[in-house]
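Novice: Got a structure here, written out as structure tokens. Questions coming.
Bear in mind that the values in this text are calculations on the coordinates, not laboratory data. Just so it is clear, the structure is predicted and the values come from calculations on it, not from any experiment. Here Cβ is always computed from backbone atoms with ideal geometry, including for glycine, and neighbour counts include all displayed protein chains.
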Amino acid sequence: MPFSVTTPIYYVNSDPHLGHAYTTVAADVLARHHRQRGEEVFFLTGTDEHGAKVARAAEEAGLTPKEFCDQVSARFRDLVAKLNATNDYFIRTTDPEHEARVQDFLVRLREAGHLYEDTYAGLYCTGCEQFYAESDLEQPGNICPLHKTPVEWLEEENTFFRLSAFTGKLLELYDRDPEYVAPRTRYNEARSQIEAGLNDLSVSRASVSWGVPLPWKPDQTIYVWVDALLNYHTALEYGTGEDVAAKFWPSTHLLGKDILRLHCVLWPALLMAAGYEPPRKLFVHGYLTSGDQKMSKSLGNVIDPLQVIADLGADPLRFYVLREVQWGQDGSVTRDGLERRYAGELANDLGNLVSRATAMIVRYRGGLVPEGRCELEPIDAAVSERFDAIDLTGALDVIWGLVRAANRYVEERQPWVLARSQAAADQALLDTTLYTLADAVRSLAVLLHPFIPASAERMLEAVGDPGAVAWERAGLGLLPAGGEVSQPPPLFPRA
Ligand SMILES: [Zn+2]
């Protein structure tokens, strides 16, 4: 079955940071895993470029909004490439193809009777691009809870979407699939927002000029969040030069918990209103913090993804963020913690295993995989179960169990002692031992390929099985005898 996965598109009013890298890595891990299962995959990421906030940031930078977007979007695209992400398209909401389809979508909603005109008056945060109820603001002073700045009173003639009419349909969707939104706490949160009753939503803005014009009233722009959400579908329609929406929609969306309501309530309703299928699944991840503090530039506790990649490569960063913090929950990451995992788990546990296994085969068997059978237990079924649950940290836990088992096996078997014996039984046992180690390195490379693709490929080359990342090779006992083994330079050199 085709699989499509998305990150949120990243808002260009700020530079890329670790939070963006986090979701991009997770989506790439899923995309690579589904590809190694032989599925057709569409992995989408990109930038969200409209709205008052962007227009203001551009003005401050002395640029037109489009010039500003071009610059910042390029920095996001650069981060995606440096993370070694395999996205099939990088969408920009300023793509003319996207903008035209956003307008078509609004026309479709209007023709289906889901839009109406009304006056909107309310408290509006330009930072959030969102109207607030007074009860959701910090008092006194009507302060935006996110931006800590006072909101403004705004009154305008708007186009409204009948979101309230979709309460029942949304609840049906949630009832049909108790894992529609994951983790469970987020499902409950989204569901209770729907149960509390939904208000109609203003989907046009007279006050925002940097956006997609409303087709029948071009002095207004389409609400930036409607424009942004639609990227998940429009990209499939034009991103690869042909319309692949029929194959790849509905998608699985990864998102941060701050945008839960928009993705888990508004987005499925918009789709159903226009006659499209709602998303396949929504996975809501947590925040990365530093120590007990939220990461912030001013606190100086920021892990700069580009710096880590320059120092250690993309693989250690990809590994660390998914290993350190349970995917789906909040957790703390630090540069010290990253370096501890790098030295302890990547260099010691995994790097040494590869180094020892290959060095001993070179030394004792002339660099050829001996005949043998694998004595370790395969874990591929347990890992794929974790992947199916989008439990990326759980998958790494299971994989690390095999890394440790292989290291214990070396210590117990002591191949260097067997190698000194001329007895046939000892030499046969050495064959089995070395085969087991080479095969374990190969299996680990397949299992780890989604997480640390460059290192995994080097592991496969070292045991003479380059490129063999297909999931059907994730089990044990599949390495052919006679393959050429070489000892690679350290996979994770000491910094
Ligand atoms: Zn705000």
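Novice: For the condition under 20 Å from R341 (Cα atoms), crowded, with 21+ Cβ neighbours inside 10 Å and of a type in the set (G, A, S), what is the one hit in A438, A406? Break it down into steps so the answer makes sense when it comes.
Specialist: Numbers: A438 fails: under 20 Å from R341 (Cα atoms).
After ruling out the rest, the residue left standing is A406.
Novice: If you take the residues of the stretch 116-128 that are near the ligand (Cβ under 10 Å from one of its atoms) and not aromatic (F, W, Y), which of them is surrounded by the most Cβ atoms within 10 Å (Cβ to Cβ)?
Specialist: This residue is C125.
Novice: How many of the residues in the stretch 140-173 are within 16 Å of the ligand (Cβ to nearest atom), surrounded by 15 or more Cβ atoms within 10 Å (Cβ to Cβ) and assigned to a loop (DSSP other than H, G, I, E, B)?
Specialist: Qualifying residue count for the region: 3.
Novice: Let me ask something additional. Given the structure, is L491 part of a helix (DSSP H, G or I) and either out of contact with any Phe, Trp or Tyr (no Cβ under 7 Å at 6 or more places or on another chain) or polar (S, T, N, Q) (or both)?
Specialist: On the way: part of a helix (DSSP H, G or I): no; either out of contact with any Phe, Trp or Tyr (no Cβ under 7 Å at 6 or more places or on another chain) or polar (S, T, N, Q) (or both): yes.
In short, no.
Novice: Any idea how many residues of the stretch 457-466 are surrounded by fewer than 24 Cβ atoms within 10 Å (Cβ to Cβ) and part of a helix (DSSP H, G or I)?
Specialist: Qualifying residue count, the stretch 457-466: 4.
Novice: Just to be sure before I move on: is S207 of a type outside the set (K, R) and either within 16 Å of the ligand (Cβ to nearest atom) or touching a His at 6+ places or on another chain (Cβ under 8 Å) (or both) in the structure I sent? Steps first, please.
Specialist: Numbers: of a type outside the set (K, R): yes; either within 16 Å of the ligand (Cβ to nearest atom) or touching a His at 6+ places or on another chain (Cβ under 8 Å) (or both): yes.
Spelling it out, S207 is indeed of a type outside the set (K, R) and either within 16 Å of the ligand (Cβ to nearest atom) or touching a His at 6+ places or on another chain (Cβ under 8 Å) (or both).
Novice: Follow-up question, since we're still on this one. Criterion first (over 28 Å from A310 (Cα atoms) and surrounded by 18 or more Cβ atoms within 10 Å (Cβ to Cβ)) does A474 satisfy it? Steps first, answer last, please.
Specialist: Details: over 28 Å from A310 (Cα atoms): yes; surrounded by 18 or more Cβ atoms within 10 Å (Cβ to Cβ): yes.
Yes.
Novice: For F131, which of the numbered conditions (1) within 16 Å of the ligand (Cβ to nearest atom); (2) more than 32 Å from the chain's Cα centre (by Cα); (3) crowded, with 16+ Cβ neighbours inside 10 Å fails to hold?
Specialist: Looking at each condition in turn, F131 falls short on (2).
Novice: Spot the failing condition for D15; the list is (1) outside any loop (DSSP other than H, G, I, E, B); (2) of a type in the set (D, E, K, R); (3) out of contact with any Ser or Thr (no Cβ under 9 Å at 6 or more places or on another chain), and only one is missed.
Specialist: (1)
Novice: Sticking with this one: For the stretch 357-386, give me each residue that is surrounded by fewer than 19 Cβ atoms within 10 Å (Cβ to Cβ) and among the hydrophobic types (A, V, I, L, M, F, W, C).
Specialist: Selection gives A359, V362, L368, L376, A381, A382.
Novice: Could you look through the stretch 174-183, keep only residues that are in a helix (DSSP H, G or I) and out of contact with any strand residue (DSSP E or B) (no Cβ under 9 Å at 6 or more places or on another chain), and pick out the one that is surrounded by the fewest Cβ atoms within 10 Å (Cβ to Cβ)? Walk me through it before giving the result.
Specialist: The initial filter retains those residues of the stretch 174-183 that are in a helix (DSSP H, G or I), namely 174-176.
Now narrow it down to the ones that are out of contact with any strand residue (DSSP E or B) (no Cβ under 9 Å at 6 or more places or on another chain): 175-176.
On the way: D175: 10, R176: 8.
Checking each candidate, the answer is R176.
Novice: Okay, moving on. Which of the helices (runs of 4 or more DSSP H) found entirely inside the stretch 391-448 contain at least 2 residues meeting this: of a type outside the set (F, W, Y), touching a Cys at 6+ places or on another chain (Cβ under 9 Å) and within 16 Å of A359 (Cβ to Cβ)? Break it down into steps so the answer makes sense when it comes.
Specialist: Values: elements: 392-413, 415-418, 424-448.
Qualifying helices (runs of 4 or more DSSP H): 424-448.
Novice: Quick one: which of R458, R442 is under 19 Å from E377 (Cβ atoms) and among the basic types (K, R)?
Specialist: Numbers: R458 fails: under 19 Å from E377 (Cβ atoms).
The match here is R442.
Novice: Using beta carbons and a limit of 8 Å, which pairs, at least six apart or on different chains, have the first residue in the stretch 120-144 and under 21 Å from V12 (Cα atoms) and the second one basic (K, R) and more than 9 Å from the ligand (Cβ to nearest atom)?
Specialist: Within 8 Å, the pairs are T126/K53; T126/R56; G127/K53; E129/K53.
Novice: Name the residue, out of A74, A61, A55, that is in contact (Cβ under 8 Å) with a residue 60 or more places away in the chain, under 16 Å from Y11 (Cβ atoms), surrounded by fewer than 23 Cβ atoms within 10 Å (Cβ to Cβ) and out of contact with any strand residue (DSSP E or B) (no Cβ under 8 Å at 6 or more places or on another chain).
Specialist: Numbers: A74 fails: in contact (Cβ under 8 Å) with a residue 60 or more places away in the chain; A61 fails: in contact (Cβ under 8 Å) with a residue 60 or more places away in the chain.
Checking each option against the conditions leaves just A55.
Novice: For the stretch 467-483, what are the residues that are assigned to a loop (DSSP other than H, G, I, E, B) and touching a residue at least 40 places away in the same chain (Cβ under 8 Å)? Give the steps one after another, and end with the answer.
Specialist: Step one: of the stretch 467-483, the residues assigned to a loop (DSSP other than H, G, I, E, B) are 467-470, 474-483.
Answer for the stretch 467-483, where residues must be assigned to a loop (DSSP other than H, G, I, E, B) and touching a residue at least 40 places away in the same chain (Cβ under 8 Å): V469, A470, A474, G475, L476, G477, L479, P480, A481, G482, G483.
Novice: Moving on. Can you spot a residue in the stretch 355-369 that is of a type outside the set (V, I, T), under 27 Å from R37 (Cβ atoms) and touching a residue at least 24 places away in the same chain (Cβ under 8 Å)?
Specialist: Initially, the stretch 355-369 is screened for residues of a type outside the set (V, I, T), giving 355-357, 359-360, 363-368.
Checking the rest, the ones that are also under 27 Å from R37 (Cβ atoms) come to 357.
Keeping just the survivors that are touching a residue at least 24 places away in the same chain (Cβ under 8 Å) gives 357.
Scanning the stretch 355-369 turns up at least one residue that is of a type outside the set (V, I, T), under 27 Å from R37 (Cβ atoms) and touching a residue at least 24 places away in the same chain (Cβ under 8 Å).
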